[in-house]
Amino acid sequence: MSTPGMDRSNLRTPLKEVRGLGSAKSGTRHFIIQRVTGLALVLLVIWVVGFVLSLIHAGDYAHAREMLRHPFAAVWLIAFIITAFWHAQLGLQVVIEDYVHARLVEMLAQIAVKFVCAGAALAGVVAVVRIYIGQ
Amino acid sequence: MPQNTRPLSPHLQVYRWPLSMALSILHRATGIALAVGLLLVVWLLLSLAHGPESYASARTFCASWFGLILLFGWSWALFFHLCNGVRHLFWDVGYGFGLAQAHRSGIVVVVASLVLTGLVWACVLAQGGVA
């Protein structure tokens, strides 16, 4: 008795041919990270809105920098920047998967989104750190 | 397999748009807008790190009519995406799937996003504007 798709001279099972090719590509990992970063952002963004309002209230440059010298503000802002760009990349990835049907364009768009999100997140973190250490 | 000739789902042209459907596509649209808005946040932080002149010009841009329209749009997009995101989280753990419930939570999301946007801009105005 032979299994369909299985060569008698080859002991490899057909499973090898389909591994990693499922429709969801990486199972539920993407879905779960999207939700967990979303949950984190609920908490992070409420504080960020308040912070931005007090930045507007502070007005001048020196006062604004002083506000970012507080360790809590720096940590919270860095957490927000990383989580927000992570969440954005995951969301944009799904949008591109759904609407861009040309394989090459889709691939380039996915890579571009990853580069922009990672680069902007790093730039944001460096900006906060520079202000925090007073450079 | 002639995949190109097969009909696409969902059939957007033949449905009468219920509220949930409009909110679903708005969730995507606001998400995309907020991703762009995040870049502006980074630009503001970079200007603050760079020096007083950069920060002043960033603030001038934010206080311009174009900047204000962007900020106002982004603030509503943020609160809509936030409220609707919480609605999605409730769905993800299995609550609120009933047709009537989903419609009601949709209305709550729209009202809450408008109220929160109004509150934030009331705060801004009470402080004497953006710049």
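The values are calculated or read from the model by the stated rules, or taken from the named source; none is laboratory data. This structure is a prediction, so every number in the text was calculated from the model and none was measured. Methodologically, a virtual Cβ is constructed for each residue, glycine included, from the backbone with ideal geometry; neighbour enumeration extends over all protein chains shown. Heavy atoms of the whole protein, side chains included, go into the accessibility calculation; ligands, DNA and RNA do not. Shrake-Rupley method; radii C 1.70, N 1.55, O 1.52, S 1.80 Å.
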For the range B:62-69, what does the Karplus curve 6.51 cos²θ - 1.76 cosθ + 1.60, with θ = phi - 60°, yield as ³J(HN,Hα) per residue in whole Hz, taken in order and with x for Gly and Pro? 4, 8, 6, 4, 5, x, 5, 4
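How crowded by other chains is B:36-44, given as the mean number of beta carbons from other chains within 10 Å of each beta carbon? Mind showing how you got there, number by number?
Values: counts 1, 2, 11, 7, 0, 9, 13, 4, 5.
Partner Cβ neighbours, averaged per residue: 6.
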Give the ranking of B:120, B:36 by solvent-accessible surface, highest area first, calculated with a 1.4 Å probe. B:36, B:120
Residues of B:103-115, mean number of Cβ from any other protein chain within 10 Å of their own Cβ, rounded to a whole number? 0
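Keeping every protein chain present and rolling a 1.4 Å probe, give me the accessible area per residue for chain A in Å². Kindly include the intermediate steps, with their values, before the conclusion.
On the way: 8670 Å² over 135 residues.
Averaged over the residues of chain A, the accessible area is 64 Å².
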Show me you know the interface measure: the accessible area buried between A and B, both chains summed, probe 1.4 Å, in Å² to the nearest 100. 2700
The range B:37-117: relative contact order as a whole-number percent, Cα under 8 Å and 6+ apart: 28
Rounded to whole Hz and in sequence order, give me ³J(HN,Hα) for the range B:30-40 from the Karplus expression 6.51 cos²θ - 1.76 cosθ + 1.60, θ = phi - 60°, writing x for Gly and Pro. 5, x, 5, 4, 5, 4, 5, x, 4, 5, 5
Please report the spacing between the Cα centers of the range B:110-131 and the range B:31-93 in Å, no decimals. 14
First measure r as the distance between the Cβ atoms of residue B:60 and residue B:111, then evaluate 1/(1 + (r/R0)^6) with R0 = 35 Å and state the FRET efficiency to the nearest 0.05. 0.55
